[in-house]
């Protein structure tokens, strides 16, 4: 299981941006965090064309399928969608890893039993202003 933002384990951060221009305010070789939306497609295409690692936060199965097709590296889901998202990712052999957003350490055991790829805690995401 991958851990991002857990207080015991060192991990890279994700930088939440709102525009392509905001990328310049992130450290070199940063991973980017975006919420999936049509308004962010220009950023997503820029990230792909520049081979920048990024995560997309999604809230529906349809968005899950789009995220995989858009070649993101990580797909972030809420706990309620974890099992379904992981099963779909395994059925379709997604390259992206499924990360479940959580604030509770008590979720780790349940999510491990569900077979999810990883967990992400809120402090793993750093908001960058443009």
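Throughout, read-outs are computed from the coordinates displayed, never taken from laboratory work. Note that the coordinates shown come from a computational prediction; the quantities given were computed from them, not determined experimentally.
What value, in deg cm²/dmol to 500, does the helix sum -39500 (n - 2.57) over DSSP H runs of n ≥ 4 give at 222 nm once divided by the residues of the chain?
Rounded to the nearest 500, it is -8000 deg cm²/dmol.
Separation of the stretch 13-73 and the stretch 78-116 by C-alpha centroid, Å?
For the stretch 13-73 versus the stretch 78-116, the Cα centre distance is 19 Å.
Return the single residue from 94, 74, 14 with maximal mean-square fluctuation; model: Gaussian network over the chain, springs between Cα atoms under 10 Å.
Comparing 94, 74, 14 in the GNM, the peak value goes to 94.
Which angle between 0 and 90 degrees, to the nearest 10, do you get for helix 82-91 versus the longest principal axis of the chain when only C-alpha atoms count?
The two axes meet at around 80 degrees.
With the chain treated as a Gaussian network of Cα nodes joined by springs under 10 Å, which of 39, 104, 80 yields the largest mean-square fluctuation?
Judging by the Gaussian network model, the answer is 104.
Which residue fluctuates most in the GNM of the chain (Cα springs below 10 Å): 88, 58, 23?
Top of the fluctuation ranking is 88.
When only C-alpha pairs under 8 Å and at least 6 residues apart count, what is the relative contact order of the stretch 2-119, in percent?
Across the stretch 2-119, relative contact order equals 20 percent.
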